[in-house]
Amino acid sequence: MEALIPVINKLQDVFNTVGADIIQLPQIVVVGTQSSGKSSVLESLVGRDILPRGTGIVTRRPLILQLVHIDSDDRRKTSEENGIDGEEWGKFLHTKNKIYTDFEEIRQEIEAETERISGNNKGISDDPIHLKIFSPHVVNLTLVDLPGITKVPVGDQPKDIELQIRDLIFKYISNPNSIILAVTAANTDMATSEALKVAREVDIDGRRTLAVVTKLDLMDAGTDAMDVLMGRVIPVKLGIIGVVNRSQLDINQKKLVADAIRDEYAFLQKKYPSLANRNGTKYLARTLNRLLMHHIRDCLPELKTRINVLAAQYQSLLNSYGEPVDDKSATLLQLITKFAAEYCHTIEGTAKYIETAELCGGARICYIFHETFGRTLESVDPLGGLTTIDVLTAIRNATGPRPALFVPEVSFELLVKRQVKRLEEPSLRCVELVHEEMQRIIQHCSNYSTQELLRFPKLHDAIVEVVTSLLRKRLPVTNEMVHNLVAIELAYINTKHPDFADACGLMNNNIEEQRRNRMRDLPAAVPRDKAAAGSSQGIPVSEQTDGGTGNWRGMLNKGEERPAADRAMLQQPLPASPHKGYAVNLLDVPVPVSRKLSAREQRDCEVIERLIKSYFLIVRKNIQDSVPKAVMHFLVNHVKDCLQSELVGQLYKTGLLDDLLTESEDMAQRRHEAADMLKALQKASQVIAEIRETHMW
């Protein structure tokens, strides 16, 4: 199991080569407040002074520290290959293959690299520094040192420095594959530990948090950390380990880490003899090594699955970028043919990539025909915009100077054409909506179906222009046909239409029924046979029965039977005669805008309105059926049938090959990055497979 940590180091190296952070590898994240002793703990684990020192915030970039244990044979082999004189050395990722044997130089490089990215104003950066230490005195570990938690900005630090550090810490401890090393000073209250507080926010059950209590030798006289170390104050599942750091005086006097560890052991034996074997730097190193190995073992199955999924995704991405073009003529024809096929498949509903968020292609066209267009037509009122006065005026205008005994047919045709004309606007709008959807299909095919086109932006733009132009040419043709469909209905009002004849017959039956009802209500003084005779001669029944108004005598007597208000209006003096010195302009005589209709006028208006409604419904049904057919024939099917030939005719030309198949500037770079990432993932998968073969997992 000891070999598991080097495996993670190998995986880290693999992903470092491509600068990727897409795989969350198991690692130990060190968290604590400023001056809590984080750096001293790390240096104790390394056994060397490698970290910058000073007051205030010193760690301003994440430091990913890989400790690699090497035996004498490996050390000798590496020394011979690289000319290294020493048993310990370090390597930075950003300095490539440069090897550092002087640990003071390593510390200076960390300071220089920190200032290069973060500046010298005590600001922080989330760009990590990668350092690998090879030594026979370390255990295999991967640690991440983070900036210390602070509350108040000092100097020229940003005002939100606390929030920046908090976000940076959560970025690393939120990794479910990480172990949190929460560092707290012993001379502070454990219940107020900021490190344990942030750890619990992401690790609620505490399964991956280990607490370290530093500065055991600096506690007030008469107090000790026994209760804290025993977990009686704040219990931590993975345990609590106490250590003794070097003081600032020790650091200034260049006290060796090895000497500090010996003094630490002596202090623990004297102060905490019953706990000495479960505390101290050496026990901490062994515990971290053990926890990390078990954690890696638990994470490897999920890690392997994640790597395989990413490898498949990058393989697909690399395939979409395609290989460099050799035969441009064949490639162009292939792309054109594929786009045309995908465009048609999207309309037919057989496309490879089916949209799930919204209707698209043929399904949306169907929705436009039967939902949008159909409901719009059904919402058109057959008598909308037509008042009773309009109907009456049309009837009177159609009779000319002669009073009519019957409703003139001309008035019906005039009014029904006016209503049918209202169906043209929604019909043309239907054409427009289908045209817009076919335009949207172009973008759909570009985004989902033929991603190869993204390699060649000029070809993509040219295809879009050709298809758009074809749609634009078909739009006026389709509009003209739809206009003609309405014009055809207006050209001939077929009153012999079977549905219309049935409606007229039903209406005549209703009128006859009303006539019989009125005849039953006639006074006894009026002979029914005479009234019936008058009705059979085409004279309205109301003219027979309403005080004799069906003949001249009735018309003369009609004035006597008017209501008092009407008689008063009739008895008003007429304008003076011109012979008496007054000029009379008959066009200036006021015409009443609204008045109470007579029984005959009401009946005539009702007849016309019923006829208009009946015929309008017939025409609307025809339009609702014929417009979608016209749109399909003149627009949709025509574009489907002609798209391939139109694209080939416009684009498949020798002089356009080089220009159309020019890749975008960043395509080669993206192909290279995807290939490198795929190679790294495949190598990582091989590393994990080797572990499985050796039965270590």
Students often check this: by mean Cβ neighbours within 10 Å, which of 131-139, 682-690 ranks highest, and how do the rest follow? 131-139, 682-690
Given the Cα-Cα distance of Asp298 and Asp625 and 0.36 nm per residue of separation, how much length would full extension add, in nm? 111.1 nm
Segment 403-446 and segment 28-60 have their Cα centres apart by a whole-number Å value of 80 Å
Check cross-link reach from Lys159 to the lysines: straight Cα distance under 16 Å, and skip same-chain residues fewer than eight apart. Lys122, Lys151
Using 0.36 nm times the number of residues separating Ser316 and Arg440, minus their current alpha carbon distance, what extension gain do you get? 42.1 nm
What's the FRET efficiency of Arg402 with Val477 using the Cβ-Cβ distance as r and R₀ = 30 Å, to the nearest 0.05? 0.05
Diffusion constant of segment 49-186 at 25 °C, which comes from Stokes-Einstein with the Kirkwood Cα-pair radius and 0.890 mPa s, µm²/s: 149 µm²/s
With unit charges on the beta carbons (Lys and Arg positive, Asp and Glu negative) and the dipole taken about the Cα centre of segment 611-697, which residue among Ala668, Gln644, Val619 sits farthest to the positive side? Val619
Measuring from centroid to centroid over Cα atoms, what is the spacing of segment 274-339 and segment 618-646 in Å? 52 Å
In terms of the alpha carbon gyration tensor, root eigenvalues a ≥ b ≥ c, rounded if a/c is under 1.5 and otherwise prolate when a/b exceeds b/c or oblate, segment 261-408 is oblate
Can you list the lysines whose alpha carbon sits under 17 Å from that of Lys271, skipping same-chain ones fewer than 8 residues off? Lys215
Over the alpha-carbon set of segment 132-177, divide Rg by the Kirkwood Rh and report the Rg/Rh ratio to two decimals. 1.15
Need one number: nm distance between label points at Ile117 and Arg429, each 7 Å from Cα along Cα→Cβ, rounded to one decimal. 5.9 nm
Here the equivalent ellipsoid of segment 346-417, derived from its Cα gyration tensor, has semi-axes (largest first, whole Å) of 50, 11, 6
Among residues other than Lys254 whose Cβ falls under 14 Å from its Cβ, what is the net charge (Lys/Arg +1, Asp/Glu -1)? 0
Roughly how many percent of the accessible protein surface of segment 184-313 is carbon and sulfur, given a 1.4 Å probe and a whole-percent answer? 52 percent
What does the charge count near Lys197 come to, summing +1 for each Lys or Arg and -1 for each Asp or Glu among other residues with Cβ under 13 Å from its Cβ? -1
Of the listed pairs Lys304/Lys338; Lys38/Lys254; Lys304/Lys679; Lys352/Lys458; Lys473/Lys496, which have alpha-carbon separations greater than 27 Å here? Lys304/Lys338; Lys473/Lys496
Using the basic label-point model (7 angstrom from Cα toward the beta carbon), what is the Asp220 to Thr393 distance in nanometres? 10.1 nm
Please work out whether segment 163-235 counts as rounded, prolate or oblate from its C-alpha gyration tensor, where a ≥ b ≥ c are the square roots of the eigenvalues and a/c under 1.5 means rounded, while otherwise a/b larger than b/c means prolate and anything else oblate? prolate
Cβ-based net charge around Ala225, under 15 Å, with every Lys or Arg adding one and every Asp or Glu removing one: -1
In Hz, Karplus ³J(HN,Hα) per residue of segment 303-312 (6.51, -1.76, 1.60; θ = phi - 60°; x = Gly, Pro): 5, 5, 4, 4, 5, 5, 5, 5, 4, 5
Just to confirm the filter: which GluC sites (Glu not before Pro) across segment 594-624 are DSSP coil and have at most 12 other Cβ within 10 angstrom of their Cβ? none
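The values are calculated or read from the model by the stated rules, or taken from the named source; none is laboratory data. The shown structure was predicted, so the numbers you read here are calculated from the model rather than taken from an experiment. Glycine gets a Cβ as well: all are built from the backbone with ideal geometry, and neighbour counts include every protein chain shown. With ligands, DNA and RNA removed, areas are computed over all heavy atoms of the protein, side chains included. Shrake-Rupley method; radii C 1.70, N 1.55, O 1.52, S 1.80 Å.
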